[in-house]
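Down below is the structure, laid out as structure tokens.
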Amino acid sequence: MIPTHRSEKTSQRGIVVNHLGQLNEYDFTEPHRHDYFEFFYFKKGGGVHYIDFIEFEIHANSVHIVAPGQVHQMKRELDSEGHVVLFELPAIAPPAAIENFLFEHICLDAEELNPVFRLDADQKEILDQRMGTIFACAQSGSDLDKLRLVNEMQLFCIACMEKTGDQGVSVSSDYLKFRRALKDNFKELKKVKDYAELLNMTERSLNDLCKAHSGKSASEVIYDLLIMEAKRLLRTGISVKETAYALNFDDPAHFSKFFKNKTGSSPSDF
């Protein structure tokens, strides 16, 4: 059964920083999910990290971002090392550009937006120092260090944003508005016309927007998110019937048919 991990510290606008040395509670044999962000910074690599059922190798000098709601599973090797930063969005008081960057990771899945960033030599040295400062400030807890911690985390996000640019990813504000609306409403609204009306667009314009950014139609983007959330729920151990009702399908048989049509396997087989 996949638990959803919550943190009293992050819910109180806190930023939690932990060292990843010997294998510990961050190395789970089973997938799980969080209601907060996790930024993993690996100084030494080794092992694999599954984020929403996609396997990513853990390389030295890399950053892995796990957004709230994503299912992930860490299988590090014994000599890997780094840090993990846990926080909810308000904790780092992000300006609009950083907030949009983080919302992209909430709204877009790991196939659309790579959550892993490989660093070059110059970036490694800078982020090594930055992570050292972040860890020290988190341990201190003084008022000034709390301010420094927020500032350093914003700069850390900016470094990741620069790498996103290197990967050639560009998400328009209109597409991100659609994905935010979809994230908020996909359980209730499942038709393209619903989102077109919500965004004051024509269905054709919305389809063109989705094609330009994802290569898929608007309906395919909607269905992909439904399937991803269905997979997440099914891996929590709840029944097919409960999953169907959680996603507002009136008939579990209709949900099962939809799932098999989109994935090639039945929900119970998955």
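None of the figures in this text is laboratory data; all of them are computed from the coordinates on show. Please read all numbers here as calculations on a predicted model, not as lab measurements. Glycine gets a Cβ as well: all are built from the backbone with ideal geometry, and neighbour counts include every protein chain shown.
About the centre of its Cα atoms, the chain shows a dipole size close to 520 debye [charges on the beta carbon of Lys, Arg (+1) and Asp, Glu (-1) only; nearest 20 debye]. For q = 0.09, 0.17 Å⁻¹, what log10 I(q)/I(0) does the chain give under the Debye formula with an equal point scatterer on each alpha carbon and no solvent? One equal scatterer on each Cα of the chain leads to -0.45, -1.41. Between L144 and K191, the FRET efficiency estimated from the beta carbon spacing at R0 = 45 angstrom works out to 0.30.
Specify the angular offset, from 0 to 90 degrees and rounded to the nearest 10, of the alpha carbon long axis of helix 203-214 from the longest principal axis of the alpha carbons in the chain. Approximately 40 degrees, to the nearest ten. The charge dipole of region 173-263, taken about its Cα centre with unit charges on the Cβ of Lys, Arg, Asp and Glu (plus for the first two, minus for the last two), comes to roughly 320 debye.
Placing unit charges on the Cβ atoms of the charged side chains and taking the dipole of region 69-121 about its Cα centre, the candidate lying farthest along the positive direction among Q70, L113, L86 is L86.
What's the FRET efficiency of R204 with A181 using the Cβ-Cβ distance as r and R₀ = 25 Å, to the nearest 0.05?
Efficiency, from the Cβ-Cβ distance: 0.90.
Computed over the chain, relative contact order equals 16 percent, with contacts defined as Cα pairs under 8 Å that lie 6+ residues apart.
Considering only S266, H254, L102, and ranking their Cα positions along the charge dipole of the chain that arises from unit charges at the beta-carbon of Lys, Arg, Asp and Glu, the one farthest toward the positive end is H254. Sum -39500 (n - 2.57) across every DSSP H segment of at least 4 residues in the chain, then divide by the residue count to get the 222 nm mean residue ellipticity, nearest 500. That comes out to -15000 deg cm²/dmol.
Each residue of region 41-51 is assigned a 3J(HN,Hα), and the resulting list reads 10, 9, 7, 10, x, x, x, 9, 9, 9, 10 Hz, derived from the Karplus form 6.51 cos²θ - 1.76 cosθ + 1.60 (θ = phi - 60°), x at Gly and Pro. Going from the fewest other Cβ atoms within 10 Å to the most, the residues M74, M161 appear in the order M161, M74. Its Cα gyration tensor gives region 173-263 an equivalent ellipsoid. The semi-axes, each the square root of 5 times an eigenvalue, are 25, 12, 12 Å from largest down.
Close amide H pairs (under 5 Å, H built 1.01 Å from N) link H34 with H5, G69, Q70, residues at least 5 positions away or on another chain. Beyond 31 Å in Cα-Cα separation lie the following of the pairs K124/K216; K163/K262; K44/K163; K193/K241; K43/K146; K75/K190: K124/K216; K163/K262; K75/K190. Between Q129, Q73, Q154, the residue with the greatest mean-square fluctuation in the GNM of the chain (Cα pairs under 10 Å linked by springs) is Q129. Across the options Q154, H34, M131, the greatest Cα extent toward the positive end of the charge dipole of the chain (unit charges at beta carbon of Lys, Arg, Asp, Glu) belongs to H34.
Per residue, the convex hull around the alpha carbon atoms of region 126-232 comes to 157 Å³.
The Kirkwood radius of region 32-164, taken over pairs of alpha-carbon atoms, gives through the Stokes-Einstein law at 25 °C and 0.890 mPa s a diffusion coefficient of 163 µm² s⁻¹.
With the cut-off at under 11 Å, measuring from each backbone N in region 80-98 to a point 7 Å along the Cα-to-Cβ line of Q154 picks out 92-98.
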